[in-house]
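Below is one structure, written out as structure tokens, with a few remarks after it.
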Amino acid sequence: MLLRQLLTRPTRLIFRSQSTSDSMLMCFNLVEGVLMRWLVLLALLWPVTALAGWFSDDNYDECMLSKMKGQNQSMYMTAHKACARTFGIEQTINQNGIKISWDNDRWEIRLEVEQNTSEFSITKGEFIFSKKPCAESVAVDFDTKATVLFKSDKAIQSIMTNDLKCKKTIELWGKYK
């Protein structure tokens, strides 16, 4: 009750005191109570007010700067891999070790990753298609182009033809696993 009075009506309590020493004691109690209240409030709110950047990097660029600080240039790829994995950066990837099967009917092309020995999950691919078998196709025969998004190693793209016989992969994108 006394603490409540101190926090709500501190001036009245100080002037009601009988002596100077009581008045000083009440002032110290008031300061101590207010200070304690602010310290408790600060302790409770500290985790809420802490910014993410205080303890870790907020984006890929900050991550690269912090990982490369004081490092030799030869460490660039190691830092890039760690930061790209942390922030899910999509990048073009090498097609070695990746096999994508496909099928089509009149309305759509279905693609599926059959084999992927790379360190990436495939997110997107750009493909060209020919109506001739691959052994007979030349560059001008690849007249149908499709950019598809992969989800769980599968992709479907709407297309209005069913006579495609050959697929070439132009480019693949992915994120580090």
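For this structure, a couple of remarks:
- Cβ pairs under 6 Å, 6+ apart, first in the stretch 50-67 and within 14 Å of Phe87 (Cα to Cα), second modelled with pLDDT under 90 and loosely packed, with under 11 Cβ neighbours inside 10 Å: Asp58/Ala52
- Of all positions in the stretch 143-150, at least one carries a residue that is part of a loop (DSSP other than H, G, I, E, B), closer than 19 Å to Ser121 by Cα, in the same structural domain as Thr117 (by TED's automatic domain parsing) and at pLDDT 95 or above.
- Any hit, the stretch 115-132, residues being in contact (Cβ under 8 Å) with a residue 60 or more places away in the chain, closer than 16 Å to Lys177 by Cβ and either of a type in the set (Ser, Thr, Tyr) or not in a helix (DSSP H, G or I) (or both): no
- Residues that are within 25 Å of the chain's Cα centre (by Cα), exposed (fewer than 12 other Cβ atoms within 10 Å of the Cβ) and part of a loop (DSSP other than H, G, I, E, B) within the stretch 71-89 comprise Gln71, Gly88, listed in sequence order.
- Among (1) assigned to a strand (DSSP E or B); (2) more than 30 Å from Lys167 (Cα to Cα), the one test that Thr92 misses: (2)
- Selected residue [at pLDDT 95 or above and in contact with a helix residue (DSSP H, G or I) (Cβ under 6 Å, 6 or more places away or on another chain)] from Ile89, Ile98: Ile89
- Arg106 meets the conditions (1) outside any loop (DSSP other than H, G, I, E, B); (2) under 18 Å from Leu164 (Cα atoms); (3) basic (Lys, Arg) in every case but one. The failed one is (1).
- Filter pass, Lys154 being within 24 Å of Thr117 (Cα to Cα) and either at pLDDT 95 or above or in the same structural domain as Phe127 (by TED's automatic domain parsing) (or both): yes
The values are calculated or read from the model by the stated rules, or taken from the named source; none is laboratory data. Owing to the predicted nature of the structure, the values given are computational and were not obtained by experimental measurement. As a convention, Cβ positions derive from the backbone with ideal geometry for all residues, glycine included, and neighbour counts pool all protein chains shown.
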